Amino acid sequence: MTDNELLRSDGLKEGNAAPDFSFKGKNQRMNLADFRDRKVVLYFYPRDFTTGCTTEASEFTRDYEKFKSAGIEIIGVSPDTEESHEKFKQKMNIPYHLAADVDNSISKKYGTYGLKKFMGNEYMGVNRTTFLVDENGKIVRIFIKVKPIGHSNEVLEAFGITN
């Protein structure tokens, strides 16, 4: 059994409905359900402007046109504020949505908020995880313990899109 086949700690697994949530996008409130007519890459990351998160965002930005032309939307989720997301989007030229999850309510729904370990320290935070959601709002793939380098290509391949 692979990591992706394991039942998530919150019960979410491939084949389940993706929990809906709202966020501010393009100066209006949006919901995940607003994207029901297209596929969605929903990626959770720990923090704007950190090395790994910048790498991951850069790769999704680089490949955004490939996703967009295939009818796939990207939404990044982190505990940063909307203001931080705007600065991150401007600096990185990010063309897709970033959802502010300052109270971790979205990451808790998806089971991505939990215990982390770094340099011998344990703390609570967002674990880098990506969910692929189909046009009907079903989770079709879960990537856990994501490595930022090469992840965008990995997601493209999961959707059957070649470089």
Boolean, Lys147 is surrounded by fewer than 16 Cβ atoms within 10 Å (Cβ to Cβ) and within 25 Å of Gly15 (Cβ to Cβ): yes
Every residue from the stretch 5-41 that is among the acidic types (Asp, Glu), modelled with pLDDT under 90 and either surrounded by 14 or more Cβ atoms within 10 Å (Cβ to Cβ) or not in a helix (DSSP H, G or I) (or both): Asp10
Selection from the stretch 150-163 of residues that are touching a residue at least 60 places away in the same chain (Cβ under 8 Å), under 10 Å from Val41 (Cβ atoms) and open to solvent by 30 Å² or more (accessible area, probe 1.4 Å): Phe159
Number of the condition not met by His97 [criteria: (1) open to solvent by less than 30 Å² (accessible area, probe 1.4 Å); (2) under 19 Å from Met124 (Cα atoms)]: (2)
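Rundown of residues vs (1) among the hydroxyl-bearing types (Ser, Thr, Tyr); (2) outside any strand (DSSP E or B); (3) surrounded by fewer than 20 Cβ atoms within 10 Å (Cβ to Cβ), yes/no style:
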| residue | (1), (2), (3) |
| --- | --- |
| Val102 | no, yes, yes |
| Ile106 | no, yes, no |
| Gly111 | no, yes, no |
| Leu115 | no, no, yes |
| Gly125 | no, no, yes |
| Ile139 | no, no, no |
Only one of Tyr113, Tyr64, Tyr96 that is without any contact (Cβ under 8 Å) to a residue 24 or more places away in the chain and among the aromatic types (Phe, Trp, Tyr): Tyr113
Flag for Gly120 being in contact (Cβ under 8 Å) with a residue 12 or more places away in the chain and small (Gly, Ala, Ser): no
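Yes or no, residue by residue, for (1) at pLDDT below 95; (2) over 17 Å from Asn153 (Cα atoms); (3) open to solvent by 40 Å² or more (accessible area, probe 1.4 Å):
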position	(1), (2), (3)
Tyr43	no, no, no
Thr50	yes, yes, yes
Cys53	yes, no, no
Glu59	no, no, no
Glu65	no, no, yes
Ser78	no, yes, no
Glu82	yes, yes, yes
Asn93	no, yes, yes
Condition check for Ala70: within 19 Å of Arg141 (Cβ to Cβ) and open to solvent by less than 80 Å² (accessible area, probe 1.4 Å): yes
Residue satisfying all of: in the stretch 42-52; in contact (Cβ under 8 Å) with a residue 24 or more places away in the chain and part of a loop (DSSP other than H, G, I, E, B); nearest to Lys116 (Cα to Cα) among these: Pro46
Selection status of Arg38, in contact (Cβ under 8 Å) with a residue 40 or more places away in the chain and in contact with a Gly (Cβ under 6 Å, 6 or more places away or on another chain): yes
Residues that are of a type in the set (S, T, N, Q), at pLDDT below 95 and closer than 21 Å to Ile94 by Cβ, drawn from the stretch 128-163: Asn163
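The values are calculated or read from the model by the stated rules, or taken from the named source; none is laboratory data. Here the structure is a predicted model, which means the values were calculated and not measured. Using ideal geometry, Cβ is built from the backbone for each residue, glycine included, and neighbour counts are taken over all protein chains shown. Each accessible area value is taken on the protein alone, full model and side chains, heavy atoms only, with ligands, DNA and RNA left out. Shrake-Rupley method; radii C 1.70, N 1.55, O 1.52, S 1.80 Å.
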